[in-house]
1. Suppose we filter 19, 5 for residues that are small (Gly, Ala, Ser), on the phi < 0 side of the Ramachandran plot and within 9 Å of the chain's Cα centre (by Cα); which single one remains?
2. Criterion first (modelled with pLDDT of 95 or more and outside any loop (DSSP other than H, G, I, E, B)) does residue 29 satisfy it?
3. Kindly indicate whether any position in the range 2-10 is in contact with a strand residue (DSSP E or B) (Cβ under 7 Å, 6 or more places away or on another chain), at pLDDT 95 or above, part of a loop (DSSP other than H, G, I, E, B) and surrounded by 10 or more Cβ atoms within 10 Å (Cβ to Cβ).
Amino acid sequence: MDSCGIMDRCLPNYCEHGGECSQTWSGFYCDCTGTGYTGETCHRCE
């Protein structure tokens, strides 16, 4: 049986400072809630 591989876009986790990574069909996003940081990868101090 042939199956397509599912790519885990959160491995490695690009979110910094404890941000939580979630993936979409085309990429990932970081939830920076409660970290004191903002930005695409929780890299910018609030």
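1. Values: 5 fails: within 9 Å of the chain's Cα centre (by Cα).
From the options 19, 5, the qualifying one is 19.
2. Values: modelled with pLDDT of 95 or more: yes; outside any loop (DSSP other than H, G, I, E, B): yes.
So residue 29 passes the test.
3. Scanning the range 2-10 turns up at least one residue that is in contact with a strand residue (DSSP E or B) (Cβ under 7 Å, 6 or more places away or on another chain), at pLDDT 95 or above, part of a loop (DSSP other than H, G, I, E, B) and surrounded by 10 or more Cβ atoms within 10 Å (Cβ to Cβ).
The values are calculated or read from the model by the stated rules, or taken from the named source; none is laboratory data. Everything quoted here is computed from the prediction, not taken from an experiment. Ideal geometry is used to build each Cβ from the backbone, glycine not excepted, and the neighbour counts take in all protein chains shown.
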